[in-house]
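The values are calculated or read from the model by the stated rules, or taken from the named source; none is laboratory data. Source: prediction; values computed, not measured. When we count neighbours, we look across all protein chains shown, and the Cβ atoms used for this are built from the backbone with ideal geometry, even at glycine. When the accessible area is computed, the model is the full protein with side chains, heavy atoms only, and any ligands, DNA or RNA have been set aside. Shrake-Rupley method; radii C 1.70, N 1.55, O 1.52, S 1.80 Å.
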Amino acid sequence: MDFRISDEQRLLRDTARRVLAEATGTSTDASWVQFRELGWTALPIDEAHDGLGGSLVDLAFLLEELGRARCQVPYLECCVMPAMLLKGLASRGVAEPDLLGVLARGEQHLGVAVEERSAAESGGDFSTRLTATPSGFRLAGEKLLVVGGAGCEALLVVAVADGETCLVCVPLDAVGVRIRGYSAVDGRELADIEFVDVPVPEAAVLARGAAVDEALVEAGAIALTLQCADLVGAMEASMEMTAEYLQQRQQFGQKLASFQALQHGMADLFIACNEARSMLYRTLSAFGQADVSLRRRAASGCKVKVAACARQVTGMAVQYHGALGMTTEYAVGHYLRRSIVAEQLFGNAHHHLAVCLADHAGVAK
Amino acid sequence: MELEFTAQEQAFEEEVQRFLADALPPSLAAKEAQGFHLHREDVAPWHQALWRQGWIAPGWPQRFGGTGWSPMERFLFERACGVANAPEVSLIALSMVGPVLCEFGSDALRERFLEPIRRGDLWFCQGFSEPEAGSDLAAVRCRTRFEGDSIVLNGHKIWTTDAHMADYMICLARTSDAGRPREGLSMILLPMDAPGVWVRPIATLDGDHHINEVFLEDVVVPRENLVGEVNSGWAQARYLLGRERTHNAYVGMLRRYLARFPGLLQRQLAAGLDGRVAEGLLRDHVQLSLDVEAHEWSVLRLLADEESSQLRAGASAVKVRGSELLLKASELEVMALGSQVIPAMTPAMTPTTAQPLPAGAGADAPGRVTQSLYWRAAAIFGGTNEIQRGIIYSTLFHR
């Protein structure tokens, strides 16, 4: 065990912290350019595809900084997640038209369209259909909550063909793609996307069957873990901001920081932040295991714990700021909004606790 | 970053587990698991086994009989012991007196005490707390008078664990009134059979006897029993606190609770517990397991010395969480047993003895409430959780 971060990781973290702090107000498009120049779009991708071959730990450090800066760029959802899906397919022998290279070079961003109206959290039973017709494939269905979906060049769509899960790459400007963009509670851009008999060339059907199912589970576990890294960054920033505020704000002729109730409250926020970080490390460690189901379960457990800590910390940060914390003008409340969105995205604590409980099904039945 | 145990550490853990399987008497493990306070004679065979193996004093310098283990190996050893229901051995002697003597004691004191402590021949109790000096240790009043080659002590110690079975007390006493209160303290090794030592048991909520008050009336101790320099007791106490950063994290004990809960729940189900109730309990158990995993990794981060600026806050954080999680874990067992835990029970009660268990209590019931009540003390001793939160705040945020 060695928790010291390498010089490269320190450089990544420090650069990210500085750049992201300066970048507030930058448009998403301009940010993507910057992310590409900094090598971040290449980070999740292997050298063979023009990537930098960064580790999951490297990515976690970067995601922490994105959370800390409340960055609105859908880096996790439109760069890391599609990269992980494609890597998962590649590791199962599925050839792909170098979309990994496209992602690494920052030429395009790919939304990942999984969630649906009914089967949003059940997984598997997708109603989006890919059908073979005499004139080629057609895609029909509706995907919800595609983070960054409207700002992408193309989407990786999970659909069902002949009872098999398949992954289809669909350009956003294809005939029959209808996009309804909207904002999330924390200001990030989402889209619901309808596919009305979208013609799909054979080459755009990237993979089918078990390879897709497994790659989805694998990429899902990674996304969940990195989402938790984002939350760790967000909650630590809101804790620090709160400690600072308690030093400045005077009431009853003294600093708020001089009241023991608030000091002990801050100690509890540290304990929560500390445990969330520990849980993140424990989960990153679990990715050394070969068994995908173990990694998935570890990621689910991580979400349960980290989401609870984030709720506590970002919520109390608002409380300790008093009325100021309730305003949109002040930053602290935006961390609460971010953690509320993150908690529900990719399944909330109840959902993932149920995943963990499934291990123990033998006991209570 | 290296987020896995090395092959060497994994091999070490397996070696410890094999030793535990061979050397820990099953009857002692069962008694320890039940959770009543163990007596010196209960623990003696295990102490002997560890001594023969050369593992009795892992934390001591090697030249005084330590094992030379890394902090991570010590953690793995303690965790394996906890899971295997090994009892703690003579904690005060091995974790406090030994290290203090190794660091500060004269050759004569080391000669007299270290080997008997390792063999298990000498038991110690810790005489720090007083009625007016609890969390505020600098307020210790216990008076001393130097007379020739002797020190005469007068004072009143309280909350003294195992004073009724100890051979010696490591007594924190006031040797000077000059300067700041903390600058006038010394540690003195005091024989419990000396004239003027009176031990009175204190009954605690858990129904066991483990703590006492100790009255010292003109107790005469040889001058050489004072450890190190006069008035250096505070520095010695700080030294001890600094090197035991994670003892109170109780990872082994928590793992023990987690490991046995599914079995306990299954037995309750077989005995008629409602399946819907069991589902709720299981849910709490899984939630607790996740909390314990996070807690355990906080401990690992401390052991690996992740970031020294946060060490002190991190150590206080795991102390707080260790005690909170233990309480939760023990209460979960109590909940699973329901009304079976209502009767007051003693270690002597089994279904077949002269003092039988009440009809409603199953074999899992004895000790559950006793142990759960005892864990409230973990949030109090070693600096209350409120003290720890104060340390966290002042370390990280105070300006």
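Do you know which residues across region A:293-315 are farther than 30 Å from A:L262 by Cα, aliphatic (A, V, I, L, M) and either under 19 Å from the mean Cα position of the chain (by Cα) or not in a helix (DSSP H, G or I) (or both)?
The answer is A:A298, A:A299.
What is the residue count in region A:55-102 for residues that are under 22 Å from A:V292 (Cβ atoms) and basic (K, R)?
Adding up the residues that qualify gives 2.
Every residue in region B:272-286 that is open to solvent by 10 Å² or more (accessible area, probe 1.4 Å), more than 7 Å from chain A (Cβ to nearest Cβ) and free of Cβ contacts under 8 Å to residues at least 60 places away in the same chain, please. I'd like the intermediate steps shown before the answer.
Within region B:272-286, the first condition is being open to solvent by 10 Å² or more (accessible area, probe 1.4 Å), and the residues that meet it are B:272-277, B:279-281, B:283-284.
Subsequent filtering for residues that are more than 7 Å from chain A (Cβ to nearest Cβ) retains B:272-274, B:276-277, B:280-281, B:284.
Result: B:G272, B:D274, B:R276, B:V277, B:G280, B:L281, B:D284.
For B:L269, state whether it is in a helix (DSSP H, G or I), surrounded by fewer than 22 Cβ atoms within 10 Å (Cβ to Cβ) and more than 8 Å from every other protein chain (Cβ to nearest Cβ).
For B:L269, the condition - in a helix (DSSP H, G or I), surrounded by fewer than 22 Cβ atoms within 10 Å (Cβ to Cβ) and more than 8 Å from every other protein chain (Cβ to nearest Cβ) - is not met.
Which condition does A:L145 not pass, out of (1) touching a Leu at 6+ places or on another chain (Cβ under 6 Å); (2) open to solvent by less than 60 Å² (accessible area, probe 1.4 Å); (3) not aromatic (F, W, Y), if it passes all the others?
In the conditions (1) touching a Leu at 6+ places or on another chain (Cβ under 6 Å); (2) open to solvent by less than 60 Å² (accessible area, probe 1.4 Å); (3) not aromatic (F, W, Y), A:L145 misses (2) alone.
So A:Y182 fits all but one of (1) aromatic (F, W, Y); (2) within 28 Å of A:V355 (Cβ to Cβ); (3) open to solvent by 30 Å² or more (accessible area, probe 1.4 Å); what number is the exception?
Going through the list (1) aromatic (F, W, Y); (2) within 28 Å of A:V355 (Cβ to Cβ); (3) open to solvent by 30 Å² or more (accessible area, probe 1.4 Å), A:Y182 breaks only (2).
Return the residues of region B:1-44 that are part of a helix (DSSP H, G or I), within 14 Å of another protein chain (Cβ to nearest Cβ) and of a type in the set (A, V, I, L, M, F, W, C); say none if nothing qualifies.
B:A7, B:F12
Taking A:S293 and the conditions (1) open to solvent by 40 Å² or more (accessible area, probe 1.4 Å); (2) within 11 Å of another protein chain (Cβ to nearest Cβ), which numbered condition does it fall short on, given that it satisfies the others?
Every listed condition holds for A:S293 apart from (2).
(1) of a type outside the set (D, E); (2) part of a loop (DSSP other than H, G, I, E, B); (3) open to solvent by 10 Å² or more (accessible area, probe 1.4 Å); (4) away from chain B (no Cβ under 14 Å): which one isn't true of A:W32, the others all being true?
(2)
Which of the residues belonging to region B:176-199 are farther than 24 Å from B:S95 by Cβ and surrounded by 18 or more Cβ atoms within 10 Å (Cβ to Cβ)?
Across region B:176-199, the qualifying residue is only B:G184.
Of the residues in region B:351-399, how many are away from chain A (no Cβ under 14 Å), open to solvent by 50 Å² or more (accessible area, probe 1.4 Å) and either of a type in the set (F, W, Y) or part of a loop (DSSP other than H, G, I, E, B) (or both)?
Looking only at that region, the number is 13.
Answer with yes or no whether A:V318 is free of Cβ contacts under 8 Å to residues at least 40 places away in the same chain and either more than 14 Å from chain B (Cβ to nearest Cβ) or not in a loop (DSSP other than H, G, I, E, B) (or both).
Details: free of Cβ contacts under 8 Å to residues at least 40 places away in the same chain: yes; either more than 14 Å from chain B (Cβ to nearest Cβ) or not in a loop (DSSP other than H, G, I, E, B) (or both): yes.
So A:V318 fits the description; yes.
Got a number for residues in region B:245-261 being assigned to a loop (DSSP other than H, G, I, E, B) and open to solvent by less than 50 Å² (accessible area, probe 1.4 Å)?
Selection size over region B:245-261: 2.
Just to check your reading of the model, which residue among A:V232, A:V217 is away from every other protein chain (no Cβ under 13 Å) and within 21 Å of A:L76 (Cα to Cα)? Even if it seems obvious, please write down each step before you answer.
Values: A:V232 fails: away from every other protein chain (no Cβ under 13 Å).
Of A:V232, A:V217, the one residue that is away from every other protein chain (no Cβ under 13 Å) and within 21 Å of A:L76 (Cα to Cα) is A:V217.
Only one of B:S316, B:S289, B:S298 is within 14 Å of chain A (Cβ to nearest Cβ), over 27 Å from A:R297 (Cα atoms), buried (at least 17 other Cβ atoms within 10 Å of the Cβ) and among the hydroxyl-bearing types (S, T, Y); which? Spell out the reasoning first.
On the way: B:S289 fails: over 27 Å from A:R297 (Cα atoms); B:S298 fails: over 27 Å from A:R297 (Cα atoms).
Among B:S316, B:S289, B:S298, only B:S316 is within 14 Å of chain A (Cβ to nearest Cβ), over 27 Å from A:R297 (Cα atoms), buried (at least 17 other Cβ atoms within 10 Å of the Cβ) and among the hydroxyl-bearing types (S, T, Y).
Just need a number here: residues in region A:304-315 that are more than 10 Å from chain B (Cβ to nearest Cβ) and either open to solvent by 10 Å² or more (accessible area, probe 1.4 Å) or among the basic types (K, R) (or both).
Of the residues in region A:304-315, 3 are more than 10 Å from chain B (Cβ to nearest Cβ) and either open to solvent by 10 Å² or more (accessible area, probe 1.4 Å) or among the basic types (K, R) (or both).
Could you grab me the full set of residues in region A:248-267 that are open to solvent by 20 Å² or more (accessible area, probe 1.4 Å) and facing chain B (nearest Cβ under 7 Å)?
Of everything in region A:248-267, those that are open to solvent by 20 Å² or more (accessible area, probe 1.4 Å) and facing chain B (nearest Cβ under 7 Å) turn out to be A:Q263, A:H264.
Looking at B:N231 and the list (1) modelled with pLDDT under 95; (2) over 21 Å from the mean Cα position of the chain (by Cα); (3) assigned to a loop (DSSP other than H, G, I, E, B); (4) not hydrophobic (A, V, I, L, M, F, W, C), which single condition is not satisfied?
(1)
List the pairs whose first member sits in region A:127-149 and is assigned by TED's automatic domain parsing to the domain that holds A:F195, whose second member is surrounded by 23 or more Cβ atoms within 10 Å (Cβ to Cβ) and of a type in the set (F, W, Y), and whose Cβ atoms are under 8 Å apart, counting only residues at least 6 apart or on separate chains?
Going by the 8 Å Cβ cut-off, the qualifying pairs are A:T128/A:F195; A:L139/A:F195; A:A140/A:F195; A:G141/A:F195; A:E142/A:F195; A:K143/A:F195.
Taking the residues in region A:196-239 that are surrounded by fewer than 20 Cβ atoms within 10 Å (Cβ to Cβ) and among the aliphatic types (A, V, I, L, M) as candidates, determine which candidate is nearest to A:M84 (Cα to Cα).
Residues of region A:196-239 surrounded by fewer than 20 Cβ atoms within 10 Å (Cβ to Cβ): A:196-197, A:199, A:201-203, A:205, A:208-210, A:213-214, A:217.
Still in the running and among the aliphatic types (A, V, I, L, M): A:196, A:203, A:205, A:210, A:217.
Numbers: A:V196: 28, A:A203: 20, A:V205: 17, A:A210: 16, A:V217: 10 Å.
Checking each candidate, the answer is A:V217.
Quick one: in region B:220-244, of everything that is among the polar types (S, T, N, Q) and out of contact with any Leu (no Cβ under 6 Å at 6 or more places or on another chain), which residue is surrounded by the most Cβ atoms within 10 Å (Cβ to Cβ)? Full working, then the answer.
Just the residues of region B:220-244 that are among the polar types (S, T, N, Q), to begin with: B:225, B:231-232, B:236.
Still in the running and out of contact with any Leu (no Cβ under 6 Å at 6 or more places or on another chain): B:231-232, B:236.
Values: B:N231: 18, B:S232: 18, B:Q236: 23.
The residue in question is B:Q236.
Looking at this structure, is A:L63 in a loop (DSSP other than H, G, I, E, B), touching an Asp or Glu at 6+ places or on another chain (Cβ under 7 Å) and not aromatic (F, W, Y)?
No: the conditions fail for A:L63.
Does B:H209 satisfy the criteria of being open to solvent by 20 Å² or more (accessible area, probe 1.4 Å) and farther than 30 Å from B:R368 by Cα?
no
Provide a single number: the residues in region A:274-290 that are buried (at least 24 other Cβ atoms within 10 Å of the Cβ) and more than 7 Å from every other protein chain (Cβ to nearest Cβ).
4
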